[in-house]
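The structure appears below as structure tokens.
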Amino acid sequence: MSVAALLDQLWRDYTSLTPQAARIHALLAARGETIRNDHVALRTFDALGLDALAAPFEALGWEARERYRFADKHLHARYWQHPDPALPKVFISELCIDELPADARVRIARLLAQIPADFAITPWAGRPWRVTRADYEALLEVSEYAAWMAAFGFHVNHFTVDAGALSTFAGLAELDAFLVASGFTLNDAGGTIKGTPAEGLEQSATRADAIDVELADARVRIPSCYYEFARRHAGFQGFLPASADKIFESTDAKRKRQS
Ligand code: NI
């Protein structure tokens, strides 16, 4: 697979769950923008490891970089970077199952036990298990991330536009105002813009689209994925755990507002 084919596959998988991303992409293109991506984000369970999701990227030259820990969300994460700076970084996180309450651990174990032996985990492999509405709702009580993984399985969680590469916006605030004026809702957990120029990274994100998902015993309308916007400063290439913690809430089905 070529780099272009890999990124195209990821984008098609992502926009199939996140129609708003295709609409925003088209709106920016209509302004004459050429969109570059800062990063693509993937999710998994720690029992399955980050390696399977990283493999297609490492095969094409992406190199593993810094690791992160999100204690409140029970996550480990790492990012991968390509020598070609025009290519997006890849941010992969994994849920630390053993840190969840016993009931959630049992429900997740029942999902993992259903994965067929010959199932290949890829970034777009989808959901290799049957999950009930009761499972989804019980997991949502303890971890939005666990509920998202249970309902969707392996899919791109979000693409992130490199806002610094846009030519018709002075900064993230102008881009955010344009998105709101265009009818999109932004995640305001921790303020609309997370991070500061001094920290090297400013980020904002839409609220995730709600889409219909067929579970084993019910069709539910739940948040899928969001579209993120990042502006980097002073050559900083990493991630800010405190900001990512708030960005993660863009898929929170309970839509909690936190200060
Ligand atoms: Ni992100």
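The values are calculated or read from the model by the stated rules, or taken from the named source; none is laboratory data. If you're wondering where the values come from, they're calculated on a predicted model, not measured in any experiment. Cβ sites come from the backbone with ideal geometry, for glycine too, and all protein chains shown count toward neighbours. When the accessible area is computed, the model is the full protein with side chains, heavy atoms only, and any ligands, DNA or RNA have been set aside. Shrake-Rupley method; radii C 1.70, N 1.55, O 1.52, S 1.80 Å.
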Report D for the chain in µm² per second (integer): Stokes-Einstein, Kirkwood Rh on Cα pairs, 25 °C, 0.890 mPa s. 132
Using 0.36 nm per residue, how much length does the chain from W124 to R110 gain when fully extended, once their Cα-Cα distance is taken away? 2.9 nm
Apportionment of accessible area to carbon and sulfur, the range 3-251, percent (1.4 Å): 52
Degrees separating the helix 3-17 axis from the principal Cα axis of the chain, which is the longest one: 70
Report the local net charge at A218: Lys and Arg +1, Asp and Glu -1, summed over other residues whose C-beta lies under 14 Å from its C-beta. -1
Could you tell me what percent of the DSSP beta bridges with both partners in the chain are antiparallel, to the nearest 5? 75
Find the accessible area per residue for the range 3-251; the probe is 1.4 Å, ligands and nucleic acids are left out, and the unit is Å². 40
Scoring the range 3-251 by relative contact order with C-alpha pairs under 8 Å, at least six apart, yields a percentage of 21
Using the alpha-carbon centroid of each, what span in Å lies between the range 183-259 and the range 120-155? 18
Cα-based helix-to-principal-axis angle, 19-30 vs the chain, degrees rounded to 10: 10
With all protein chains present, calculate the accessible area of R36 using a 1.4 Å probe and round the result to the nearest 10 Å². 100
With -39,500 (n - 2.57) per DSSP H segment of 4 or more residues and division by the full residue count of the chain, the 222 nm estimate, nearest 500 deg cm²/dmol, is -9500 deg cm²/dmol
Within the chain, what is the number of lysine pairs with alpha carbons under 19 Å apart, leaving out pairs fewer than eight places apart on the same chain? 9
